[in-house]
Amino acid sequence: MNSFLINFILYFLVLTLSIFCLGLLYDRKNGRTWNDGSEDRKEGLNRLIQSWSQRLQDIRKSWKIFRRSILALVGLFLIIAVSTISIFADDIAVEHPYRNLQDTEDLWWIDNEPKRLEPFSEGCDWHEQSIDLFKIKNKGYPRYVTAVSDPVLTKNGSLSPNNLEIITLVSIEDDLGYELNNSILIVHNETTFFVTDDALNVSGSKIWVMYEFNNEGMHHSWLPDGYDVCIMGTTNSGQDLFSKILYGSRISLKIGITVAFLTVALGTVIGSISGYYGGVIDELIMRLTDVFFAVPGLILAMAFVAALQNTTSMSLPMSAISFLLLLFICMSFRNIIDEMYSGEKPSTYLDIRNEENLSLFGKFIKKLGISFGLKSKTHFLSKIINSNYLYYQRVIRFLSNYSTSITIIIFFTILGTYWGGIWPQNNSNNIDEVGLDTQLTRALVLVSMSVLFILVTIFDKVYTNGIKKEVIFQRMSASVNFTNPFRFLAFRTIMIFISVILLIFVSKTSESDFSVIRDFDRLWKIQAALILTGWPGYARLIRGQVLYIREMTFVEAAKSVGAPDGRIMFRHILPSAWAPLLVAFTLDIGGTILSASGLSFIGLGAEPGTAEWGILVADGRKFFPNTGWWLVTFPGLAILVTTLGFNLLGDGLRDIVDPKNKR
Amino acid sequence: MKLQEFIVRRLILLIPVIWGVSVFTFAIAQVIPADPAAALCGEKCGVMGSNGLTAYESNVIRLGLDKPIVEQYWIYVTNLLQGDWGESVTFHRPVIEKLRDAAPITLEMSFLSLAMGFPMGISLGILSAVWQDKLFDQVSRFVAIAFVSLPIFWLAMMFQYIFGTQVGICDPITQALPLIPDTVGGCFPIYGRHDPTYTFPDTGTGFHLIDSWIVEEPTKYNPQTNQYEVSMSHWDMFADTFKHLFLPCFTLAVASTGGLLRYMRASLLEVLNEDYVRTARAKGISERRVIMVHAVRNALVPIVTILGFSIGGAIGGAVLTETIFAFPGMGKTAVDAIVYLDFAMIMGVTLVTAIIFLLSNLLVDLSYAIVDPRVRLE
């Protein structure tokens, strides 16, 4: 496992434990014992169990519907098969890609053996090996040469050849490719050749010997007897096609799932904003999707690939990433305080028509309006505002609620641009070499920033929204009730922890940029292109759903209680709209695999030499109809099978989701 | 709303989208890491011209690359409107001329593929709705999903294999010239737009299925006598064009059949539950007549909308089929332009495909409005 992940988990555990212990101490000081929270704990546990059992029940019900369709079961089986293959490719495959310097796992070394062997052909266990005559003649290397395979990847990650067992000698060629007499080499025993004097007299520094070897060592129990290697033939450069196809499943699944997931995320956010707010925003977003729809998908993706040509890594400035994390923490605290506010007044959100309830900024805006003469009803601006009263109210409400937060955002974006000065610059590329003092300064800066953010939030609440200080602290301590650990399983708390840990990591790195994607290679380029091409479809889908659900009574109820827009969108509307999303997601994985392999086929996708199905088809195309039908057929079948699996599954899911099937 | 008003409104709505596409293509072109000024002059960039500037500098001034970006966009749009779409570096000719040649090829292919795919998809859809949940329905649903899952480039090559080496009556003249290097000549043309033994006169519309009846007949090369002497009739030209078009169109048609089948099935199933179908059945009309006259005609109405999207899909699919079948259409042009980072061509291709797609959608919507007057009321 990656060291970053291990560190991350460690930090997480340590942080959770220490905060928990601190909290217990705090509770004890306030006279609250562990036993006092027992009821709370029971309640929390019950809720957790209830929600999970509900989920299990739903899954069981869905499985009952799903089971009815044979096609969907076949799809599920195909997907499980392909994923299993991709996970165990290392064990199933006969040949392995050599990990080269770029550490691209699936890149194959181009072998110098230009032979294409048909599926199940006899020559599959032939191996070509070079013998360096120069070293034997001049450097005194032994005359007995061991038969070894090309270097393969071992378990510990290094490259080393395997010993082979010679059966018969097939042919010998000199460096220029001319056939030599087979008698110049003697098969000494099962594993070594003896180089005779005749061989040493051959012109050139190397000879190439081809021999049949015993395949027992590479034997796999699931293969038919006698055909241990290349059941699908070999590629143009003499590599086992079957192994390549196995490894190709990794790339295809990776692309399919990543792209579909990110596309769904992007499309959902944009679509729900568009559907929920409506009006000008909706119109703008929908016209944008029109533009995206107007250009056929593949051409659009190709254009994006071209546009991304020069991008080699995706990184955000360190200041921006720290700022985002801090902002997130601040917002979460704000929400916590908001939640506590419900005790004294029926609604968290105040009636802004009452001037007393306006925040400082809101009052300022209103005063500004009055000073511009908006009070007189004849003024054209006031006419506009009166005719759009609801809209105006919404704007004012937004401003009054978020005024301080907005000010903070503006302030810190300005500050963030100068943040480079705060970070001690360290020119060394080695992350570990950051001195303790610089780490400490950064950590201090971060901690002080977080405290500042939280203080400002509290300040905002106290002095602009008029909440009492005692109430705030009381509620805050209540929300962090340490006698009930189940509370920490809430999504928001976990997210705060994660952002704190990320902040610690950010404070450790010496670079001025935080790389989101370190190596933005060609694979990432097609993924990015497909994401940028795919989101409008989801945006429209979700927008339609949101428009439909928005009118339902439960949304109205949430609104009347005064829930914020974000909460209504993500907690009330989206959970009701997930069904068609899931279907589209599954179908999209198949579609993405198709388009990605299509892009690779025309040479815009993965690196040449990668075991990617589209590239395998493109490579095989030169030999296609007559001299190598298998080079195209099998990779294509692999694409077909995988896509078919996802499409069948998606079709089955559609049946589950269909309200007609709910029983 | 009257039909004319509807048309005008739709046309006006098109303008912002086309404008958006132009902004979009311009933005993409700004990001593409290619220097159009350097690409145009190539090795001669350092050569000093008569005006005291190097070729590169004069190219920069001619293309307006030294101006601010907004002004560059303005120049781009005005040039577009005046018909100057720039110079393609890859094809060494004006973009608009290349596109004028390429567009009919792709359009011809798309229309023919729709003409093949629609009957297939719709008839299968009708059958599978009529025999709902029977074996035929299950099989055809599976086939529909399988067709959607087919990688189009692979399918095209499989067809090349089947038709090019296995099926067909061999014409000895065609077979004498192997079309793919390293192979024996096939029996069915699997490559190119025409038989390479004659040149198709490019004096017509560009749609060669139509042109073959208009332009004058060329003579064909006879490899046995090494002379251009075989005279061709209009019919020969048409048959040859059609034979070459058949495989790419059939590939595209198969790819679009799956979706059509699904939609038709769903639409017909919905219609079969309607009251008027029940009434028709109650009147004692034969089941065949109920389905063909009462149900199918109504079920076809929503299918019309999919036609518009199918055209877009066909143009997208043409990227791959044209690459495989060596058709110099829009798809192949787009691939070449992007592989060689041909700045002007990428913008041109994107814009033209978008316009074609939008116009075809508009036509479809209009026909929809004519067929179903309810649409106009929106």
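Since every read-out is calculated from the coordinates, none of them should be taken as a lab result. A quick note: this is a predicted structure, and the numbers were derived from the prediction, not measured. Neighbour counts are summed over all protein chains in view; Cβ atoms, including those assigned to glycine, are modelled from backbone coordinates with ideal geometry.
Quick one: A:Leu325, B:Leu359, fewest Cβ neighbours within 10 Å first, how do they rank?
Fewest-to-most Cβ neighbours within 10 Å comes out as B:Leu359, A:Leu325.
Please report the spacing between the Cα centers of region B:284-351 and region B:222-275 in Å, no decimals.
Computed from Cα coordinates, the inter-centre distance equals 13 Å.
Past the 26 Å Cα-Cα mark, which pairs from A:Lys64/A:Lys244; A:Lys244/A:Lys525; A:Lys64/A:Lys559?
In this structure, A:Lys64/A:Lys244; A:Lys64/A:Lys559 exceed 26 Å between Cα atoms.
Where the convex hull is taken over the Cα atoms of region A:1-95, what is its projected area averaged over directions, in nm²?
If you wrap the Cα atoms of region A:1-95 in a convex hull and average its projections, you get 11.1 nm².
Under the rule of -39500 (n - 2.57) per DSSP H run of 4 or more residues, summed and divided by the residues of chain B, what mean residue ellipticity at 222 nm is obtained, to the nearest 500 deg cm²/dmol?
Theoretical 222 nm ellipticity from helices: -22000 deg cm²/dmol.
Residue by residue through region A:173-184, which ³J(HN,Hα) values in whole Hz follow from phi under the Karplus form 6.51 cos²θ - 1.76 cosθ + 1.60 (θ = phi - 60°), with glycine and proline marked x?
Karplus-based 3J(HN,Hα) across region A:173-184 equals 10, 8, 4, 8, x, 7, 5, 10, 5, 5, 7, 6 Hz.
How many angstrom lie between the Cα centre of region A:173-191 and the Cα centre of region A:17-51?
79 Å
Can you give the FRET efficiency for A:Lys42 and B:Glu274, using 1/(1 + (r/R0)^6), R0 = 45 Å, r = Cβ-Cβ distance, to the nearest 0.05?
Efficiency for this residue pair is about 0.20.
For A:Leu455 and A:Lys622 in one chain, what is 0.36 nm times their gap in residues minus the Cα-Cα distance, to one decimal in nm?
53.3 nm is the gain from fully extending A:Leu455 to A:Lys622.
With respect to the cross-link table entries A:Lys254/B:Lys98; B:Lys67/B:Lys98; A:Lys254/B:Lys332; A:Lys622/B:Lys220; B:Lys98/B:Lys220, which display a Cα-Cα separation exceeding 31 Å?
A:Lys254/B:Lys98
For A:Ile19 and A:Thr146, calculate 0.36 nm times their separation in residues minus their Cα-Cα distance, and state this gained length in nm to one decimal.
Going from the current span to full extension adds 39.5 nm.
Looking at chain B as a GNM with Cα springs under 10 Å, which of B:Gly284, B:Gly308, B:Gly121 has the largest mean-square fluctuation?
Top of the fluctuation ranking is B:Gly284.
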